[in-house]
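Reviewing the structure listed below.
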Amino acid sequence: MSQGAFSKLAKRAARFTGQPLCFGLAAGIVVSWIVTGPIFHFSDTWQLVINTGTTIITFLMVFLIQNTQNRDTYALQIKLDELIRVTELAHNTLLDLEELDEKTLDRYRAHYAAMAHRARKGRIADELPI
């Protein structure tokens, strides 16, 4: 399956599975399974059907969810990068931070945490409602 086809499938699946109709279908399947319990004498096969079905669906949904999550994260990062780029006083070194190593990110976090701490102690803290 090509990347484009997978992305289209993932988008459609995410939209469908996020709707109340899909939840209703899933709940209906579970209720049907419970109702058929006495018919099948709550056998091992009866239990295996729901366990196997939910395992397969969960396994596949993990990949679909990860794909949509990645796409949303990439889009959000691009939007944030654009906001940083067009903001006059922003530091352009903050563009594309997600590509930096952990050590460098930790230095940036420490720098901005210190700035926040100083701001809370200063005049700005008095002006902001808590």
Is there any pair linking a residue in the stretch 110-130 that is farther than 18 Å from residue 94 by Cβ to one that is at pLDDT below 75, with Cβ under 9 Å and at least six apart or on different chains, and which? 120/128
Show the residue pairs meeting these rules: Cβ distance below 8 Å; 6+ apart or different chains; first residue within the stretch 42-65 and without any contact (Cβ under 8 Å) to a residue 40 or more places away in the chain; second residue surrounded by 11 or more Cβ atoms within 10 Å (Cβ to Cβ) and of a type in the set (Phe, Trp, Tyr). 46/33; 46/40; 49/33; 50/33
Of (1) part of a helix (DSSP H, G or I); (2) modelled with pLDDT of 90 or more, residue 37 fails just (1)
For the stretch 1-34, enumerate the residues that are part of a loop (DSSP other than H, G, I, E, B) and more than 19 Å from the chain's Cα centre (by Cα). 1, 2
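Can you tell which of 55, 68, 73, 104 is of a type in the set (S, T, N, Q) and either outside the structural domain of residue 33 (by TED's automatic domain parsing) or not in a helix (DSSP H, G or I) (or both)?
That would be 104, the only listed residue that is of a type in the set (S, T, N, Q) and either outside the structural domain of residue 33 (by TED's automatic domain parsing) or not in a helix (DSSP H, G or I) (or both).
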Within the stretch 84-107, considering residues that are surrounded by fewer than 11 Cβ atoms within 10 Å (Cβ to Cβ) and among the hydrophobic types (A, V, I, L, M, F, W, C), the one nearest to residue 11 (Cα to Cα): 86
Of the numbered conditions (1) within 33 Å of the chain's Cα centre (by Cα); (2) more than 30 Å from residue 98 (Cα to Cα); (3) hydroxyl-bearing (Ser, Thr, Tyr); (4) surrounded by fewer than 11 Cβ atoms within 10 Å (Cβ to Cβ), residue 54 fails exactly one; give the number of that condition. (4)
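The values are calculated or read from the model by the stated rules, or taken from the named source; none is laboratory data. Owing to the predicted nature of the structure, the values given are computational and were not obtained by experimental measurement. In this analysis, Cβ positions are derived from the backbone assuming ideal geometry, glycine residues included, and neighbour counts consider all displayed protein chains.
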